[in-house]
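Below is one structure, written out as structure tokens; the observations come after it.
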Amino acid sequence: MKLTLIAAAVGTALGIAPLGHVSEADAMCASPDPAFLPRTGEVVPPRPTLYAIVPDRAYLGEGRIAVEDGYGIDVKPQLETVSKSDAYEIVRIRVPLEEPGERFTVSWRFGGEAADAQPRYRASYRIGSAAPNRARVVGVSRHLEQWTCSHADTIRLELEGTALAYRFAWHDGTTTTVPADDGAIWRHGDSDVPGKEPPATTFAELGHLDCLGMSIDPEALGKARSFELYALFADGSEVRLGSSSAQLGEQGVRLPLELVDVPGVRPIVGPGAGAGEPATFAVISEGPSPWWSAALGALGGAIALAGVAIAAGLRRRAPPAPME
């Protein structure tokens, strides 16, 4: 992936938003599956809070989320739909297990509440010392994709860390929760295989998701909206990462560049750490440098060369030192 480091202030001042990646995809249409975060095989803290991404139930049919302990006995979780859109539901799963070493499985059961409902799309976990809480936004871009079956047009956050979901707390009092890894619903069974290395970075997106629909009300991003961004972790805690505004529509595009965390400018969030100040620079990922970025670079180079030439000319015209 190509990364271009630019000054966020320059992009905002010029009122230009980079388009990001535009591509034509040659692929067969696929269907999304329910998925659970974190990925299967992870160690989670006592009484963990997990998240399920549940695509359109019209496609899935009747079903429900179920939890079993290590002996195959049903455990009653606390389920809460925290966000619902055309693309998917985000369901918070609070599991009432706390013994160190205890294992349990979360699954989607076809057949609703029927006694013979078949479990599928499983993820297994163990209670223990989980990885520390940390979250970073390392890139922001506009993601555009058009292909045979569908299209994508989103504001995409590129993420690092152990957060399971991200909550946009809009300043009008509404909220939108998105999964920390949109790609989980396309892995088709990979989530059932423990030991697989997680991706180094994941993506959370606002807008029209490929083959899924809108992850937010289409009118919600028509005009620039301000928000606070929170990272949500398996221990049930939330950490504020920063504030910004976003817009995606016919009236314009405004990327939340202020969220990007540049190493050395704003620290990674850990237990008890504050969010710090917004980063001065933004990393625009997934695409070539916008024309104005190249133009600014060329202009800077020209100025530097001109400075060298002027300095050299001054040295040539300087009078010789008097002889002793």
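The numbers here are math on the coordinates, done by the rules we state, and not lab data. Bear in mind the structure is a predicted one, so any value in this text is a computation, not a measurement. Counting neighbours? That spans all protein chains shown, and the Cβs are built from the backbone with ideal geometry, glycine included.
Amide H contacts of Val140 (H built 1.01 Å from N, in plane; Pro and chain starts excluded): Glu158, Val283, Ser285 sit under 5 Å, all sequence-distant by 5 or more or on other chains.
The phi torsions of region 181-186, fed into the Karplus equation with coefficients 6.51, -1.76 and 1.60 and a -60° offset, translate into couplings of 9, 4, x, 4, 7, 10 Hz, rounded to whole numbers, with Gly and Pro shown as x.
Sequence-distant contacts, meaning Cα pairs under 8 Å at least 6 residues apart, place the relative contact order of region 226-265 at 30 percent.
Computed from backbone phi with θ = phi - 60° and the Karplus coefficients 6.51, -1.76 and 1.60, the 3J(HN,Hα) list for region 147-163 is 8, 4, 9, 7, 7, 10, 8, 9, 8, 10, 9, 9, 10, 10, x, 10, 5 Hz; x is used for glycine and proline. Summing +1 for each Lys or Arg and -1 for each Asp or Glu among the other residues whose beta-carbon sits under 15 angstrom from that of Trp170 gives +1.
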